[in-house]
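Here is the structure we will look at, set down as structure tokens.
FYI, it's all coordinate maths here, none of it is from the lab. Just so it is clear, the structure is predicted and the values come from calculations on it, not from any experiment. Cβ atoms come from the backbone with ideal geometry, glycine included; neighbour counts cover every protein chain shown.
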Amino acid sequence: MEGDLCAVELRKTKDDSLTLKHPTLGVHYHSVHGAWSETQHVFGQEGLRPLAEAWSEGDAPIRVLEVGMGTGLNVLCALSIASATGASVEMDSLEPHPLAWDEVESLGYDALTGVEREVWQQIHEQGGLEFDSFSFRRVEKELLHADLPERHYDVVFFDAFAPTAEPHMWSVGVMDVMRHCLKPGGWLVTYCAQGDARRAMLSAGFAVERRPGPPGKREMLKAVRSHYPQGKINVRVYMVVIREGMPGPEVLVSYERLPKLGGVMKFPGGGLEWGEGPAACLRREALEELGQPVAIDRLCHISEQAYVSSFDDTHQVMAVHYAARLLDEPRFDDDGVLEDVFGKRVPLMHQALGWRPVEGLEPSEFFFGSDREAWAAWLAQMAQ
Ligand SMILES: C[S@@+](CC[C@H](N)C(=O)[O-])C[C@H]1O[C@@H](n2cnc3c(N)ncnc32)[C@H](O)[C@@H]1O
């Protein structure tokens, strides 16, 4: 792929640092808004620096994995941070298509970063370096063939070409591998803030934060492999109840006032109790929240993403959504007022039930991510 000297094009970026244009993909190795600014912000400031500043003598070396060594600018950035903080850093950098020294030397990254030219040259020509507290190894393999060790790295610099050029690099499968090789509590940083990439990280089980981006980009992503030694899985079970309304079908929703969160719209349902299966849980929740029994028709959806509970961030929610049917006329009216078993009408304390037309009800209108995911899945099932 690389290696054709004539085809590699130099370009000056907005902070005056240089980058290269890939000859066949037509994309640049760095942001054209500032190559060095991007590297320092995304991989330095948000990636390695917090760990390097917290490092003290006697600690294990900080292990960094880079995906896509390219010109070596991120390696020089990591080396500078190790030198400035005294932290011990071991860096592996994947690069299936190494650039030749004569393709990169005119980028002038030695002067830019303050790292000696011979050191930068050695990184390229020998693919390895031991320099004070910094050690580096280039791995000339592509990510899915690199046999990355399990729970090994503290931080991943994810610097593949953009999803528009190489979409396969941002897939769930790749993110699964990234999470697998990170230690619990470790993180992956990337310049990319694109929605599909973010969803792939979420699906792989990362907790994903949108962070302020480098110059010219509003956001970047930091994906953390969560680590809660005391963490608990909280199973919640919800009902999707549809009725024929006018002019079309309607779905039952619950408006609730919740501690700390205020008013939210959600599906009726609640938490699984010890000894219950999910179906029994749903039927109990129907008696409690709707004041009447339901029949379960089918399983609609089980959450694919890991949701941190809005009430306790050491709890992870897994939601099960069933399609269910009221066995009787509703015991609540259009104001969400529930009729109790003696025929008296009593307002629910913190909850109002209501019917929403299915047509035009967007997943984003639900407060909880697990409800949004389930409603999107339900709409997709209905569209088939
Ligand atoms: C955006 S550039 C990286 C820039 C680089 N970090 C730097 O500082 O110059 C993307 C790099 O990913 C490499 N790459 C492409 N496919 C890859 C794969 N499957 N695994 C690892 N790296 C890959 C490319 O050859 C390219 O060098």
(request) Measure up Lys21/Lys217; Lys183/Lys260; Lys14/Lys222; Lys21/Lys183; Lys141/Lys232; Lys232/Lys260 against 30 Å on the Cα-Cα distance and list the ones that go over. (result) Lys183/Lys260; Lys21/Lys183; Lys141/Lys232
(request) Determine the gain in length on full extension of the stretch Glu329-Glu57; use 0.36 nm per residue of separation and subtract their C-alpha separation, reporting nm with one decimal. (result) 90.9 nm
(message) Rounded, prolate or oblate for region 232-383? Axes are the square roots of the Cα gyration tensor eigenvalues, ordered a ≥ b ≥ c, and the cut-off for rounded is a/c under 1.5.
(response) rounded
(message) Once you order the gyration tensor axes a ≥ b ≥ c over the Cα atoms, which shape class does region 9-224 get: rounded for a/c under 1.5, otherwise prolate or oblate by comparing a/b with b/c?
(response) rounded
(message) Give me the net charge for the shell around Phe366: Cβ to Cβ below 11 angstrom, other residues only, Lys and Arg +1, Asp and Glu -1.
(response) -1
(request) Would you mind computing Rg(Cα) / (2.2 N^0.38 Å) for the chain, counting N as its residues? (result) 1.25
(message) With just the Cα atoms defining each centre, how far is region 43-114 from region 242-296? Give it in Å.
(response) 51
(request) Return the percentage of antiparallel bridges among DSSP beta bridges fully within region 9-224, rounded to the nearest 5 %. (result) 50
(request) Could you give the spread of the C-alpha atoms of region 160-259 along their three principal axes, from largest to smallest, in whole angstroms? (result) 50, 38, 27
(request) Determine, for Val42, Val358, the number of other Cβ atoms within 10 Å of each Cβ, and report the residues in order from fewest to most. (result) Val358, Val42
